[in-house]
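There's a structure below that I have some questions on.
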Amino acid sequence: MNVSLYQSISKKKSIVDVIANLMDEEGLKNVTIKDICEEANISVGSFYHYFTSKDSIVQEMYKLMDEYFLLNKDNICSHFTANEDIIDFVTHFGLYAEQWGYYANLLVMKTAIADDALHSNRQRRKIYNVLTEIIETGIREKFFKISIDADDLASTIFVLMRGYLLEWTKKGHDYPVREKMVRQVEWLLKSIS
């Protein structure tokens with residue numbers, strides 16, 4: 001990846017981190033662009049360079065997560081078995097969610113539910129493709145004892161992870177979301193490996 005693209009992604013991530021830290025239970029409603037710019041030490045023009053509006057922030061959060069998984073794909077896929085790669089993927093997903101925090105998760109979950117109602121035919125995200133490739137490798141290398149479709153298993157794992165993100169919104173700040181995700185996926189993989 002070229003240096004300017006990496007710097008752009010890093011800057012956008014730092015702005016999103018500021019936004020996540022400013023959010024309260026009301027989401028972005030009480031956070032102004034001026035608040036974001038002051039806290040991130042950027043101009044309003046810089047904000048609009050990275051985001052089209054306050055409402056576009058969640059889409060950018062998705063893009064940043066996709067980029068993170070693409071950048072870390074080789075590290076995640078460096079284990080001896082596909083199961084270990086899948087667990088590492090889920091662990092990274094949980095860590096990523098925890099780093100952005102509870103309120104950012106609330107914002108993402110609220111937005112995802114609203115967006116899903118409006119856009120049922122959405123293109124698959126890059127993060128989904130990373131997990132599907134890991135599973136396809138496991139299928140080719142016969143790590144699973146049952147016949148399984150890569151898309152079905154990837155979809156099941158994402159449903160589990162999103163379910164625990166939703167549970168986090170219900171249980172509150174201290175809920176061990178990453179630990180719960182990883183344990184559930186480990187149980188799933190033991191049953192099919």
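The values are calculated or read from the model by the stated rules, or taken from the named source; none is laboratory data. Computed from a predicted model, the values in this text were never measured in an experiment. Here Cβ is always computed from backbone atoms with ideal geometry, including for glycine, and neighbour counts include all displayed protein chains.
Go through the range 156-174 and report how many residues are outside any helix (DSSP H, G or I) and either buried (at least 16 other Cβ atoms within 10 Å of the Cβ) or among the charged types (D, E, K, R) (or both).
1
Output yes when any residue across the range 85-108 is in contact with a strand residue (DSSP E or B) (Cβ under 6 Å, 6 or more places away or on another chain), part of a helix (DSSP H, G or I) and either more than 24 Å from Leu64 (Cβ to Cβ) or not basic (Lys, Arg) (or both), and no when none is.
Within the range 85-108 (the criterion being in contact with a strand residue (DSSP E or B) (Cβ under 6 Å, 6 or more places away or on another chain), part of a helix (DSSP H, G or I) and either more than 24 Å from Leu64 (Cβ to Cβ) or not basic (Lys, Arg) (or both)), the answer is yes, since at least one residue qualifies.
Listed residues Leu71, Leu131; which is surrounded by fewer than 20 Cβ atoms within 10 Å (Cβ to Cβ), of a type in the set (A, V, I, L, M, F, W, C) and in contact (Cβ under 8 Å) with a residue 40 or more places away in the chain? Steps first, answer last, please.
On the way: Leu131 fails: surrounded by fewer than 20 Cβ atoms within 10 Å (Cβ to Cβ).
Only one candidate qualifies: Leu71.
Based on this model, can you work out whether Tyr103 counts as modelled with pLDDT under 90 and hydroxyl-bearing (Ser, Thr, Tyr)?
yes
What are the residues in the range 69-85 that are touching an Asp or Glu at 6+ places or on another chain (Cβ under 9 Å) and not polar (S, T, N, Q), if any?
If the condition is that a residue be touching an Asp or Glu at 6+ places or on another chain (Cβ under 9 Å) and not polar (S, T, N, Q), then Lys73, Ile76, Cys77, His79, Ala82 are the ones that fit.
I've got another one for you. Output the number of the condition that Asn83 fails; it satisfies all remaining conditions of (1) at pLDDT below 95; (2) out of contact with any His (no Cβ under 7 Å at 6 or more places or on another chain); (3) within 26 Å of Glu167 (Cβ to Cβ); (4) of a type outside the set (A, V, I, L, M, F, W, C).
For Asn83, the failing item is (1).
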